[in-house]
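Everything on this sheet refers to the single structure shown next.
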Amino acid sequence: MDVLKIQLTPEDFDRVASTLLRWSPKSLGVARALIIDRMPLGEVAKANAISPQQANVVRKRFIDKVEQDRVNSFMSREMPKQKGMDITPFMKQINLLSSKGYTSDQIVLYLKENGLATTPKDIELLLNGR
């Protein structure tokens, strides 16, 4: 994304900034001056006793955080509809449920509760291939 064309409200800026616990107030001030207040790069750099390159890096890193926040926000409200997602992280739980007598349908329900869409047939194929 072009750092000069990003559209960000002060409220969105504050929301993202509140998640950046390791950022200094100075860095957040530089980012706000460049992104929200649209102040010139050289002026912001001089006012904060940093080089224009450093100020630009702060702006770019903040915008990267904004983009990551937008992706995370989307993922939290919209579940994927694509089948065949990686279920490797759930293999231990799948094997445990299967060994305790849970059916493929029940395992699918467990995976759905954890944000993973699959089918009983996929679970059966997975378990028979272990």
(request) Mind putting a number on the dipole of the chain about its Cα centre? Charges go on the C-beta only, +1 for Lys and Arg and -1 for Asp and Glu, and I need it in Debye to the nearest 20. (result) 280 debye
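Using only the Cα atoms of the range 23-78, what semi-axes does the equivalent ellipsoid have when each is the square root of 5 times a gyration tensor eigenvalue? Give whole Å, largest first.
Details: eigenvalues 135, 18, 15 Å².
Largest first, the range 23-78 gives 26, 10, 9 Å.
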(message) Let me spell out the model: positive unit charges on the Cβ of Lys and Arg, negative unit charges on the Cβ of Asp and Glu, origin at the Cα centre of the range 10-77. What dipole size does that give, in debye rounded to 20?
(response) 180 debye
(request) Under 21 Å between C-alpha atoms is the cut-off here; go through the chain and count lysine pairs that meet it, provided they're at least eight residues apart or on different chains. (result) 17
(message) How high is the relative contact order of the range 1-74? Use alpha-carbon pairs under 8 Å, at least six apart in sequence, and give a whole percent.
(response) 32 percent
(request) Only Lys, Arg, Asp and Glu count, each charged at its Cβ (+1, +1, -1, -1), so figure out the dipole size of the range 89-130 about its Cα centre, rounded to 20 debye. (result) 140 debye
(request) With Rg/Rh (Cα atoms, Kirkwood Rh) in mind, check (1) 1.08; (2) 1.01; (3) 1.26 and report the label derived from this structure. (result) (3)
(request) Output the relative contact order of the chain, whole-number percent, from Cα pairs under 8 angstrom with separation of 6+ residues. (result) 18 percent
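Provide GLU67, GLU11 in ascending order of the number of other Cβ atoms located within 10 Å of each residue's Cβ, fewest first. Kindly include the intermediate steps, with their values, before the conclusion.
Values: GLU67 13, GLU11 8.
Neighbour counts put them in this order, fewest first: GLU11, GLU67.
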(request) Choose one answer from GLN93, GLN68, GLN54: the residue with the largest mean-square fluctuation in a GNM of the chain with alpha-carbon springs under 10 Å. (result) GLN93
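Quick note: the coordinates plus some simple rules give every number you see, no bench work behind them. It should be emphasised that the depicted structure is a prediction, and the values quoted were computed from it without experimental measurement. Heads up, the Cβs are rebuilt from the backbone with ideal geometry, glycines too, and the neighbour counts pull from every protein chain shown.
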